[in-house]
Amino acid sequence: MTTPTLERTDATTNILSLRGVTKNFGAVAALTDISLDVAAGEVVAIVGDNGAGKSTLVKILSGVHLPDAGTIEFDSRPVSIPNPTSALNLGIATVFQDLALCDNLNVIENLFLGQELRPARLNDIAMEVRSWELLRQLSAKIPSVRIPIASLSGGQRQTVAIARSLLGDPKVIILDEPTAALGVAQTAEVLNLVERLRERGLGVIMISHNMADVQAVADRVVVLRLGRNNGDYKVGTVTPEEIIAAITGATDNAVTRRTSQVDLRSIQPITLPDGTIAPPENPTDKEVDR
Amino acid sequence: MTTTAPRPSDLQDERLANREGIRGTFAGFVDKIRGGDLGALPVVIGLAVIWTVLQILNHGFLSAANLVNLLLESSPTGVIALGIVCVLLVAQIDLSVGSVSGLSSAIVGILFVNLGWNVFAAIAVAVLTGVVIGWVYGQIFNRFGVPSFVITLAGLLSFLGLQLYVLKGIGTINIPFDSPLVIFAQLAFVPAWLSYVLVAIAAAGLFLTDLTRARARRTAGLSAQPLSLIALKSGALLVGLGFAAWYLNIARGIGWMFVLFVALVLILNYALTRTKWGRAVFAVGGNVEAARRAGIKVKTIYTSVFVVCSTLAAVGGILAASRLAASSQSSGTGDVNLNAIAAAVIGGTSLFGGRGTAFAALLGIIVIQSISSGLTLLNLDSSFRFMVTGLVLLLAVALDSVSRRSRTNHGRA
Ligand SMILES: Nc1ncnc2c1ncn2[C@@H]1O[C@H](COP(=O)(O)OP(=O)(O)O)[C@@H](O)[C@H]1O
Ligand SMILES: [Mg+2]
């Protein structure tokens, strides 16, 4: 970890603070009594199994759904987020998993969609200059901003979507599974981007399935399980096994065992004199040693 | 020659082929076509083929007198097609434009001729009717989510019925030949000297906008068109339009109604390409969900597009009545609807939404009107006209689908 973990002593340093947030879809309790804090310059990973309520939480923060109960504080003021525009106006930008870019428009047009400069006589030049500035700040590798979005790679599209959300100068940016569909190099590219967002002092909420990504970039991990809080850890003080246990709700089950086995594959097997292979050591001990 | 000047900030990526200058522009154009981004190329080629064939079949086809007429005939349906371009851009359709145009011509006929209203008041009521119809379509579409296909099919029947109803017992209303409407649509031509002035203004306008734009881009550190290319483009426009004006001036010249049509094309082109509203229209046609999340008021955009379409249909109806000097129960019926839709598609507007230009209406209607005029000159009746137009439409739609696939393959979809 290059950046020191932030000491969160005072509740007022939080940009965003949720208490008791609850959301039901008919008989389905998607979220129950959720708490979440995000500080400036902090990357909070939200992890959880499928159906744990991660996307629902994101949608509440981005104004797609209204919570049934609970309070949301932004900049220490209680707020309600009735629609996407009010989320943007508050300074909460969301990059959804499906990115939602227009394939028929080019990079500049996508970046400035809905917030074009000079509405009655578009200022293409200023928008192009601003696009390059933004993309260079993010060290994005995009050859031309005047080619249709459809011709970009997955990582480049993700970059455009993130750059887009930065135009409104948000204080909190939410990334829903930013690396889910990406290859190794592109994942690294996006994780670098997240580091850069933190350097800019943004609060970053990152939904992820990938423990490696979470460990690489997050300051804190919030675990959701069946729509409830099930753990809030500082990265560096927790092992992946502990997180996985919190996700699945069990300390010893098939999932944790399997993950441990994956880890153990990198360890040279010890061949005993009789030609058989020594049984692996306790995986949890191994993890602690590391 | 190796240049040591710093590359513009938008061309610094080493993966970008150097596409500067006239040759670079041409290479870029070829890339686009290969990638399935055909633009106006198919319709221009198609028009050239159609004109050549028709001229061979009948030497009167490309005569100045016939072309003057052709442009005038194109205008009413062309105006309606402009509206169709807008609805197609948001991936919707309006099947009722013919009926709305017929209703609008009936309104003008009754108010202006039968009730003796002021002509502008009559026009205003007809146009306003178009606005209201489009607004109602938008409300139904947004609130109930009924497909525009069905809403406007209902509109097609209802407004045809309304037109027949208000004209019941009246039959055909003849609009007087000395009325401003008929004079505008049949007799008013741009004086030759003025036509050349307009051509010069158009070329100079293109030159100056391109030049200011290139300067501003260079100042901002971006790549820009070289002066040679700008001069070449506006020079070509000057020569092309100048020749067209000269040729048409051999006969009666350029009708004011056609000038109105072209003006509407230019206004819509500006609105679609240079305003926030236009961007929103393309975005909604490309990806509604993305547009919504970008904070675009998608429902407002849909409503605005339906309003633009119905309003232009009403305007087209007034022009058609003026051109015929009559409004009757058959105004706006027959092939008006399909010609307007076909013109938009033939001109290169995609049925899948998000792709097309205002110029599609202009080029498309000229193709359709050429077929119509050429076959009439050959003494072939409307049966042939329908068949040939249908075939051309099929070609255009097939081309749209093929180029869409090609765009997908080339990652430009
Ligand atoms: N719009 C909706 N209507 C009904 N149920 C929903 C809706 N959205 C989510 N749910 C339910 O809420 C639960 C949480 O879903 P979600 O937030 O998508 O989980 P995750 O993103 O963590 O996989 C699931 O049981 C899901 O079926
Ligand atoms: Mg989800």
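The values are calculated or read from the model by the stated rules, or taken from the named source; none is laboratory data. Predicted model, so just to flag it, every value in this text is computed and none were measured. In this analysis, Cβ positions are derived from the backbone assuming ideal geometry, glycine residues included, and neighbour counts consider all displayed protein chains.
Screening B:GLY278, B:GLY286 for residues that are surrounded by fewer than 23 Cβ atoms within 10 Å (Cβ to Cβ), within 14 Å of chain A (Cβ to nearest Cβ) and small (Gly, Ala, Ser) leaves exactly one candidate, B:GLY278. Of all residues in region A:39-56, exactly one satisfies the criterion of being more than 15 Å from A:ILE247 (Cβ to Cβ), within 16 Å of ligand 1 (Cβ to nearest atom) and of a type in the set (A, V, I, L, M, F, W, C), namely A:VAL44. For region A:144-162, name all the residues that are more than 19 Å from B:ALA220 (Cβ to Cβ) and not aliphatic (A, V, I, L, M). Matches in region A:144-162: A:PRO148, A:SER151, A:SER153, A:GLY154, A:GLY155, A:GLN156, A:ARG157, A:GLN158, A:THR159.
Checking each residue of region B:115-135 against the condition of being among the hydroxyl-bearing types (Ser, Thr, Tyr) and within 21 Å of the chain's Cα centre (by Cα) gives no match.
Are any of the residues in region B:218-226 part of a helix (DSSP H, G or I), more than 9 Å from every other protein chain (Cβ to nearest Cβ) and of a type in the set (S, T, N, Q)? No, that holds for no residue. Only residues that are crowded, with 20+ Cβ neighbours inside 10 Å, hydrophobic (A, V, I, L, M, F, W, C) and within 15 Å of ligand 1 (Cβ to nearest atom) were counted in region A:57-77, giving 4. Could you tell me whether any residue of region A:57-64 is within 14 Å of chain B (Cβ to nearest Cβ), within 18 Å of A:ARG225 (Cβ to Cβ) and either away from ligand 2 (no atom under 14 Å from the Cβ) or at pLDDT below 95 (or both)? Looking for residues that are within 14 Å of chain B (Cβ to nearest Cβ), within 18 Å of A:ARG225 (Cβ to Cβ) and either away from ligand 2 (no atom under 14 Å from the Cβ) or at pLDDT below 95 (or both), one finds at least one in region A:57-64, hence yes. All of (1) closer than 27 Å to A:GLU195 by Cα; (2) within 16 Å of ligand 1 (Cβ to nearest atom); (3) surrounded by fewer than 23 Cβ atoms within 10 Å (Cβ to Cβ); (4) of a type outside the set (D, E, K, R) hold for A:GLN137 with one exception: (2).
Would it be correct to say that A:LEU122 is surrounded by 16 or more Cβ atoms within 10 Å (Cβ to Cβ), in a loop (DSSP other than H, G, I, E, B) and away from ligand 2 (no atom under 16 Å from the Cβ)? So A:LEU122 passes the test. Among the residues of region A:27-48, those that are within 13 Å of ligand 2 (Cβ to nearest atom) and touching a Ser or Thr at 6+ places or on another chain (Cβ under 7 Å) comprise A:ALA30, A:LEU31, A:VAL47. Using beta carbons and a limit of 7 Å, which pairs, at least six apart or on different chains, have the first residue in region A:109-138 and among the small types (Gly, Ala, Ser) and the second one in a loop (DSSP other than H, G, I, E, B)? Close Cβ pairs satisfying both conditions: A:GLY114/B:ALA294; A:GLY114/B:GLY295; A:GLY114/B:ILE296; A:ALA120/B:THR275; A:ALA126/A:LEU117; A:SER131/A:VAL145.
Being within 16 Å of ligand 1 (Cβ to nearest atom), in contact with a Lys or Arg (Cβ under 8 Å, 6 or more places away or on another chain), of a type in the set (D, E, K, R) and in contact (Cβ under 8 Å) with a residue 12 or more places away in the chain narrows it down to one residue among A:ASP176, A:ASP232, A:ASP219; which is it?
Answer to the check: A:ASP176.
Restricting region A:89-104 to residues that are within 16 Å of ligand 1 (Cβ to nearest atom) and touching a strand residue (DSSP E or B) at 6+ places or on another chain (Cβ under 7 Å) leaves a set whose member that is farthest from B:ARG293 (Cα to Cα) is A:GLN97. Screening A:LEU99 on (1) more than 16 Å from ligand 2 (Cβ to nearest atom); (2) at pLDDT below 95; (3) within 30 Å of B:ASN287 (Cα to Cα) shows it passes everything except condition (1).
Quick check on my filter: what residues within region B:119-168 are among the aliphatic types (A, V, I, L, M) and not in a helix (DSSP H, G or I)? Within region B:119-168, B:VAL146, B:LEU167 qualify.
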